[in-house]
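A short reminder: the numbers here are calculations on the coordinates, not readings from a lab. Source: prediction; values computed, not measured. FYI the Cβ positions are ideal-geometry reconstructions off the backbone, even for glycines, and counts take in every protein chain you see.
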Amino acid sequence: MNFDLTPDQKLLESTVASFVKKESPVTRFRALREDPVGYSKSLWKTMAELGWIGLAFPESAGGLGGSFVDVAILLEQFGAGLLPEPYVASVLSAGTAILRAGSAEQHEAFLAPLLAGDTSLALAWAERGGRYDPTWVETAATKKGDDYVLQGEKIFVQNGHAADVIVVSARTAGAPGDSDGISLFVLPRETEGLRITPVKTMDGQRAAMIKLDGVIVPGASRLGPEGAAAPVLDEIMDLGAAAACAEGLGVMRAALAMTVDYLKTREQFGMKIGTFQALQHRAVDMFIRTELAKSTSILASIKVSDPDPAARRFAVSAAKVELAICGRYVTQQAIQLHGGIGITDEHDIGLYFKRMHVLNALFGDEEHHLARFAAQPAF
Amino acid sequence: MDPTRDTEGKRDLRERARAFFRDNRPSDPGFKLPQTFLEVESEEQFLWLEAWQKQVYGAGLLGVEWPVAYGGKGLPAGSQRVVAEEMGRAGVPFIVNRIGLDWAGPTILAVGTEEQKQRYLRNILSCDEVWCQGFSEPGAGSDLASLRTSAVRKGDHYIVNGHKVWTTQALWADFMILLARTDSNAPKHAGISYFLFPMKSKGVSVRPLVKMTGEGGFNQVLFEDVEVPASCLLAGEGDGWRLAVMTLAFERGASEGSATGGALASGGEVARLVALAKEVSRDGRPSSEDPVMRDRIAELAIEEEALLASALRARVPGLVEERPLALPFLSKLVATEFGQKLAAVGQELEGPLAQYAFGAERAADGGHFQRAYMNSFGFTIGGGTSEIQRNLVGERILGLPKST
């Protein structure tokens, strides 16, 4: 197994880093907090033109055939700059659902515009009773002639507030918690009966609660065979978790850098506060946690594409737990070491703290992944 | 540890090591073996471990990264770690001449003369000559540079006087890497020199110390007008501090178990904890079925995974180029504190059984984790305390101002 970055990947890393610095300083995110979309459609288009959306798709689907390690390089830099464009929701969640389960016609219809940066997507999988279980699907899809009627409710749909196309999981058979009987449907935003309520998340980004009230969709909008979507959703959960680890690493690195910088400039008692051993040691512990999370995040980026689901789960759950423990520590201490200014909205450090909080809640929290890790046969 | 992470050459070495440690696992010697190289206390233990090292070296599994000319195998960096991982996995005893292999040897390789390399290195690997370390003194612990042991030049000799402490294996050592002050007028860091000091010289006395585990291993060493040849000096007079920093860097790398089978972070201890959890019970069922203990063990297993992945990453320049020294610096600090935490969880798993003395008949796993817990402090203190390590990382890696 090769841990090193290729020259192409190093180039990608520096390109993204300078793009984020130039096009998306944190002041941009601050301003977008008041915007109903919360990100820029023109920047999204630029990102597509740079090939970053294509990176996540195989050439057969019109992409550039990159690896998840390439994607993780992007995400880490997005995290460092709090870039709010809906990469994970559009590309890794809904995009993967269409890629894996969809037909060539559906790829053409929905992935081609995404790859061009003309649309963004969302995947509505979570339900109130299901916590992090994508098989907990109460939403029903009832066959009616050649159509289906969808009835139910989806929560915290990332990019659901702005997506042009929404992929919805619904049950064509079985009961909540059953792996069998889950189907995916792809719906244009304007579909009648789709009731989208935007919500603000605590980090200043947006999502949506979606009610499906007798929504009638044609049979042709189903992705893949009826009732067989569970493995696709299972993979998407791991992709999302690995993505959160990569983005979170960027968040941690930025928070650490800001804190170390603050320790070197802030003066009290007539000297730089970074002179105090108690604060130095805290900063070192933040550094240690960042490095450990980086190691597990790299491992997850490599293993998330492993054909063996057990190997994938092992590395992804380890990394997501490590992100929770380390990311929480680093951002908590970042606030603490900034002192009073750290708890104001005026200072950026709180934005990183809140983003980490949301990342920890996405695609399985610490407890969820710890339990999954402990469920391995070795235990 | 996942063998798919190896390059082809390493995979080959790993398979060879795995087979060797599987087929040559030593049988019970009939007496208590020490847990680490820091606790060797009897001649009986030492001779047994010496024979074990000879056997492992004979199998071509020691000094694998050292040049062939000095008895090594000339394999790429990271190869010895592969062997160490397999030792951890097999749960075989450690390699005894650790100071020679991880402290003295790499320093001699880096700065020694050709003659010194020929003279010392091969015998370190074969355990024909054992080494100890004479750095700390009663008055020079974390502030090592304030050491007062003196070496005064007199013709072709140096006359050594002073007092060293925490000297592991001094009872059997043939040589000591010794820091002594050769210039008492120079600033404290500048007046220190580094010697390859023959322990069997006249005027050297060794006094054993007993640790809280009841075991020996540490000693005090006293020097009374000891006359040694001037050729014992490594590099030049006044180079001692620079070389000591180098040796301590090798030591930091070694403490994560990189070279000679230290159990920390080599994959064996979490598995041992899982075995313990299956052995002890809680509320009438194995502790391995208790959700709280399962979570705690899983957390440790994940942290161990993070340490193993970090060790791999440390060997890939592209992944550390931002801060090239960071991971070697961190490895000692993180791995030793992890080992301490792990041993403490072992105690928690045992519950009331944790009161048994090490070696008591009914102690769980023979009291392994009681002893590991007590011994773990030797690692968070020795080789620069965790606090000194944090100072170093803060100043040298994060660029924080020097603390007052």
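Of the complete DSSP H runs in chain B, those spanning 24 angstrom or more by Cα along the long axis with a mean Kyte-Doolittle score not below -1.0 are B:291-314, B:326-350.
On the basis of the beta-carbon distance and an R0 of 25 Å, A:Glu226 and A:Ala310 show a calculated FRET efficiency of 0.35. When you work out D = kT/(6 pi eta Rh) for chain B at 25 °C and 0.890 mPa s, using the Kirkwood radius from C-alpha pairs as Rh and the Stokes-Einstein form, the result is 111 µm²/s.
Here the simple spin-label model places points 7 Å from the Cα toward Cβ, and for B:Lys188 and B:Ala77 these points are separated by 3.2 nm. Note on segment A:231-379: Cα Rg divided by 2.2 N^0.38 Å, N the number of residues, gives 1.16. Shielding of peptide A:314-321 by partners, expressed as the average count of other chain Cβ atoms within 10 Å per residue Cβ, is 4. DSSP beta bridges fully contained in the protein assembly as shown are about 85 percent antiparallel. Shielding of peptide B:391-402 by partners, expressed as the average count of other chain Cβ atoms within 10 Å per residue Cβ, is 6. Compared with the dominant principal axis of the Cα atoms in chain A, helix A:68-81 is inclined by about 50°. Placing a label point 7 Å from the Cα of A:Val149 along the Cα-to-Cβ direction, the residues of segment A:181-195 with a backbone N closer than 18 Å are A:192-195. With both labels modelled 7 Å from their Cα along Cα-to-Cβ, the B:Gln355 to A:Thr27 distance reads 6.7 nm. In plain terms, the residue of A:Ser297, B:Ser150, A:Ser90, B:Ser79 with the fewest other Cβ atoms within 10 Å comes first and the most crowded comes last, giving B:Ser150, B:Ser79, A:Ser90, A:Ser297. Please state, rounded to one decimal and in Å, the Kirkwood hydrodynamic radius that segment B:132-237 gives when every pair of distinct Cα atoms enters the mean of 1/r. One decimal place: 13.8 Å for the Kirkwood radius. Note on A:Met47, B:Met293, B:Met87: ascending count of other Cβ atoms within 10 Å places them as B:Met293, A:Met47, B:Met87, the fewest first. Projected over all directions and averaged, the alpha-carbon convex hull of chain A occupies 19.2 nm². Here the sum of -39500 (n - 2.57) over DSSP H runs of 4 or more residues, divided by the residues of the protein assembly as shown, equals -13500 deg cm²/dmol at 222 nm, to the nearest 500.
Using only alpha carbons, the protein assembly as shown has a radius of gyration to Kirkwood radius ratio (Rg to Rh) of 1.04. Here the spin labels are modelled as points 7 Å beyond Cα on the Cα-Cβ line, and at B:Arg25 and B:Arg362 they lie 2.7 nm apart. Shown here for segment A:180-273: GluC sites (Glu not before Pro) in loop regions (DSSP other than H, G, I, E, B) with at most 13 other Cβ atoms within 10 Å, namely A:Glu190, A:Glu192.
Within segment A:122-225, the proportion of C-alpha pairs whose separation exceeds 24 Å stands at 17%. Sites listed here are GluC sites (Glu not before Pro) in segment B:334-386 whose DSSP assignment is loop and whose Cβ has at most 14 other Cβ atoms within 10 Å: B:Glu361. About its Cα centre, chain A has a charge dipole of approximately 1000 debye under the convention of +1 per Lys or Arg Cβ and -1 per Asp or Glu Cβ, with nothing else charged.
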